[in-house]
Every structure is written in C-alpha cells, then in structure tokens.
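Working notes, beginning with the structure itself.
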Amino acid sequence: MQHFKSKKQMNLFDVYPLFPINIVKGKGCKVYDSEGTEYLDLYGGHAVVSVGHSHPKYVKAISDQVAKLGFYSNSVINALQVELAEKLGKASGYEDYFLFLINSGAEANENALKLASFHNGKKRIVSFKNSFHGRTFAAVNVTDTLKHVAPINEGRLDVTFLELNDIETVRKELKKEDVSSVIIEGVQGIGGIYTPDNRFMQELRAICTETNTVLILDEIQSGYGRSGKFFAHQYAGIKPDIITVAKGICNGFPMAGTIISPMFKAIHGQLGTTFGGNHLGCAGAIAVLEIMEEEQLIENAAKVGDFLISELKKFPGIKEIRGSGLMIGLEFEQPIKEIRSKLLFEQKVFTGVAGLHTIRLLPPLSLSMDEAEEFLVRFKKCL
Ligand SMILES: Cc1ncc(COP(=O)(O)O)c(C=O)c1O
C-alpha cells in the first residue's frame, strides 16, 4: 500500500516517520496488519491502550452509547460526566477533587497552567529539563525540547527549567515567590523513563505549599495504573494541587482530564471546550475504569512489570533498566535502531523509543505473564 500518493490528490502532511505496516485490527495485547500478520504489542499505541485492544465491555459501552447519543454540548446536564468523575475519584483516591474534561494531554496541561495562574495571579512557571508536556502554546513552552518550539512560542512564557531531583535549586527559585506553578511528570516518558525521587517529591510538595505555588503533576503517560499505582506520584505519598491525565483514560478514544483540588474556585466561563467530556468518550472512560477494577489491571501492571524488570536484568548488553509497572525504559550503550527494527520486522513485536539509546515498553495494562515471557524470548533473539 502506498501511503503518500500523487500530486493530484490531497496527501498527508508528512510529519511522522512511518513503519510500512498497516495495522487494521487489535485484540488484547496483539495487533494485526492488513496481511493478517500478528504482532505482540509492547507499545500500546504509545501508552494509550490500557485495557487491551477491542475489549468486549469497552466495545459494547461505546457501541451502545453511539447508538443512543454520541454528543451533546456542555450546556446541558451530562450524567455520564458525573458518573465518570465519581468513579475516577474512587479509583484514584481523589474523591474530594474536581474533574474538568478535555480531549488531549496538551489541553489538560494548558488548562492546568492557566488555572494555576488564575488562582494565584502569578506568571512564572518552573518546569524540568528533559520534560515533555505537549505541543499547544503553554504546554510547549514548558517542554524542554527545542524542536517542538516554533518562533511564535519561543520565550513568550516566563519558564525556568531546572534539574530533576535538585531540590535546593527549586527551593531557591520558589522562595522568590513569583512562581505560579511547578509542572512535573510523574515519570518522565519521552525524556527516557526517569522517575523523580520520593524525597524530592515530598520536599517539592512542601515548598510549593510554603510559597503559594501550584503543584501540577503531569500523569498523562505515567498515570491511570501504568506505573503499578493509579498515579506514579502516589509512590511518594504526596497530593498535588492539579493532576493531568489523558492517554489510558479511554483506551484510545481521544479524551483527557484536569483533576483539580478543592482549593480552586470554579468560575462560569473560565474554562471550556466543545468536544471535551462528550457522551461517547464518557461511556468509554467509565467502561475503562470498570474493567481496570474487575480485572485488577493496576495490580497486574505491578506484577508483570516487576517480572519483566527482574528478568531483563539478567539480559546482557542493557546499560540501565528504569521505571516501574508497565512503563519500562531499557537504555543501551549503542543506538537501538537495529534492535528495535529486528524486534518489529523479524520478531513481530511493537515497542516504543526515547531518544537514540532507549527502548520504551508501554504495553496494555492487561499484558499477561505468558505474553511477557513470549516477549522476553523474542527480545533475546534480537540482542
Ligand atoms: C507526559 C506527557 N504530557 C503530555 C503529553 C501530550 O499529550 P497529547 O499528545 O495527548 O497532547 C504527552 C504525550 O506523549 C506526554 O507523554
């Protein structure tokens, strides 16, 4: 199949380096291409597929809902949003927080940063080196990757990038009392699976409170069970003021959430969206939380992740293994292009990547022990 065609018709804007594989079907932790070839999915479509491809309960929830009502605007009561908030509060341990629904991770962070600034009237933001928070205006400004920042964005927000885990520098900046918010990933994903130390997170929490700085936890990749807890920051036993979620929330249907502490006051019209929180997405997201509970997928992510990490430690040639649950980074001394290519084309395994030297494993949270073992067998053949 030719992906980019002639000059006579509209072609796709070529921003993605594509594998020449046309995935047309998925079931659990397997995906299938148009030739019928089966692949083991250790990538989850970039940490998005949480409960497994085409889970019957999820398919039924979405199908039933679209047959009834796919969308109506945020100007009327949407009981599904209320049910989703209730279930999310319970599952995450944040029952006293509020939920604002949008469509993508970048939007979740955009709203979080804005809300923080509305709240304390301050402008400066502290972010961390190596971080990724999205591609919209504020989100890209707090992202530490120059290639995403266009001249119209550059320097338009007052952002200070600090070293992860360097609490003294953070303290020094926050003591100036002009910082509106600190934004930090639960685990740096695109940056290569780096987890902030628990102690750092605890001290960060305390300094933010002392200086009236809003603490925003970007759990877009590391949240929703992926780390082996509902949120990665829960390993540190802290509570941020705002948490952002996306990716796994609706198993691939575009949806995201900004989870907001009761210290914020909601003002009519201050935030808003056309599509966010639509009926179809809510039905899917409710099904995702129910499946996660029924099938104990967070416990599964912790168990299968521990197993993978301990087995991978026995493999030769891996420089460092980072992460927890089913968010694992495998750093190699040499560039990983060849290994990843062998994995995909010879062993039929999808994996993710971070930079030139790190493979990222981000499978559905339903990955079984048998599938994990199968991955290890196939991986070994590529080293
Ligand atoms: C930690 C983190 N934040 C934000 C985003 C942006 O999410 P989206 O692509 O849905 O806008 C991503 C996407 O990879 C992410 O990993």
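The values are calculated or read from the model by the stated rules, or taken from the named source; none is laboratory data. What you see is a predicted model, and the numbers here were worked out from it, not measured in a lab. Every residue, glycine as well, gets a Cβ built from its backbone with ideal geometry; the counts of neighbours run over all protein chains shown. For the accessible areas, the whole protein counts, side chains as well, though only heavy atoms, and no ligand, DNA or RNA atoms are used. Shrake-Rupley method; radii C 1.70, N 1.55, O 1.52, S 1.80 Å.
Can you sort Phe315, Phe345 by 1.4 Å-probe accessible area, starting with the largest?
Working: Phe315 20, Phe345 85 Å².
The ordering from most to least exposed comes out as Phe345, Phe315.
Using alpha carbon centroids, what distance separates segment 279-294 and segment 39-75, in Å?
Cα centres, segment 279-294 to segment 39-75: 8 Å.
Can you give the extra length, in nm with one decimal, that the chain gains between Phe19 and Lys172 once fully stretched, where that is 0.36 nm per residue apart less the Cα-Cα distance? Display every interim value, and only then the final one.
On the way: separation 153, 0.36 × 153 = 55.08 nm, distance 4.59 nm.
Working it through step by step, the gained length comes to 50.5 nm.
Starting at the first residue of segment 320-326, write each ³J(HN,Hα) from the Karplus equation 6.51 cos²θ - 1.76 cosθ + 1.60 with θ = phi - 60°, in whole Hz, x for Gly and Pro.
Along segment 320-326, the couplings run 8, 10, 10, x, 7, x, 9 Hz.
Sort 290-296, 241-247, 99-105, 36-42 for me by packing, meaning the mean count of neighbouring Cβ atoms within 10 Å per residue, highest on top. The partial results should precede the final answer.
Values: 290-296: 16.1, 241-247: 27.9, 99-105: 22.7, 36-42: 17.7.
Result, highest mean first: 241-247, 99-105, 36-42, 290-296.
Report Rg (one decimal) and Dmax (nearest whole number) for segment 33-178, counting Cα atoms only, units Å.
20.1, 60
Probe radius 1.4 Å, ligands and nucleic acids ignored: give me the carbon and sulfur share of the accessible area of segment 185-252 as a rounded percent. Walk me through the intermediate numbers first.
On the way: 820 of 1770 Å².
About 46 percent, which is the carbon plus sulfur part of the accessible surface.
For a quick protection proxy, order the peptides 355-364, 153-162 by their average other-Cβ count within 10 Å, most packed first.
Numbers: 355-364: 22.4, 153-162: 14.7.
Listed from highest to lowest mean packing, they are 355-364, 153-162.
Do you know the relative contact order of the chain, to the nearest whole percent, from alpha carbon pairs under 8 angstrom that are 6+ apart? Show your work: numbers first, answer last.
Numbers: 763 pairs, mean separation 85.9, N = 383.
With pairs under 8 Å counted, the relative contact order is 22 percent.
Can you figure out the FRET efficiency of Thr37 with Val377, using R₀ = 22 Å and their beta-carbon distance, to the nearest 0.05?
Details: r = 18 Å, r/R0 = 0.81.
So the FRET efficiency works out to roughly 0.75.
Accessible surface of Met327 in the full protein assembly, 1.4 angstrom probe, to the nearest 10 Å²?
0
What share of the DSSP beta bridges in the chain is antiparallel, in percent to the nearest 5?
Numbers: 31 of 48 bridges.
Within the chain, antiparallel bridges account for around 65 percent of the total.
Over the alpha-carbon set of segment 78-138, work out the extent along each principal axis and list the three values in angstrom, largest first.
Each principal axis gives a Cα extent; for segment 78-138 these are 36, 24, 22 Å.
Where does the charge balance sit around Asn300 when Lys and Arg score +1, Asp and Glu -1, over other residues with C-beta under 14 Å from its C-beta? Write down the numbers at each step before the final one.
On the way: positive: Arg226, Lys229, Lys303; negative: Glu293, Glu294, Glu295, Glu299, Asp306, Asp370, Glu371.
Combined, the nearby Lys, Arg, Asp and Glu give -4.
With no solvent and one equal point scatterer per Cα, compute the Debye intensity ratio I(q)/I(0) for segment 249-354 at 0.17, 0.23 Å⁻¹ and report its log10, rounded to two decimals.
-1.00, -1.24
At 1.4 Å probe size, with every protein chain present, just tell me what the per residue accessible area of the chain comes to in Å².
On a per-residue basis, the chain sits at 47 Å².
Could you tell me the relative contact order of segment 274-347? Use alpha-carbon pairs under 8 Å, at least six residues apart, and round to a whole percent.
Working: 43 pairs, mean separation 14.5, N = 74.
So the answer I get is 20 percent.
Give me the orientation-averaged projected area of the Cα convex hull of the chain, in nm², one decimal. Kindly include the intermediate steps, with their values, before the conclusion.
Values: hull surface 80.5 nm².
In nm², the orientation-averaged hull projection of the chain is 20.1.
Per the Kirkwood definition applied to all pairs of different Cα atoms, how many angstroms is the hydrodynamic radius of segment 175-297?
For segment 175-297, inverting the mean 1/r across all distinct Cα pairs yields 15.8 Å.
Leaving ligands and nucleic acids out of the surface, order Glu107, Glu333 by accessible area at 1.4 Å, largest first.
Details: Glu107 55, Glu333 130 Å².
Largest to smallest exposure gives the sequence Glu333, Glu107.
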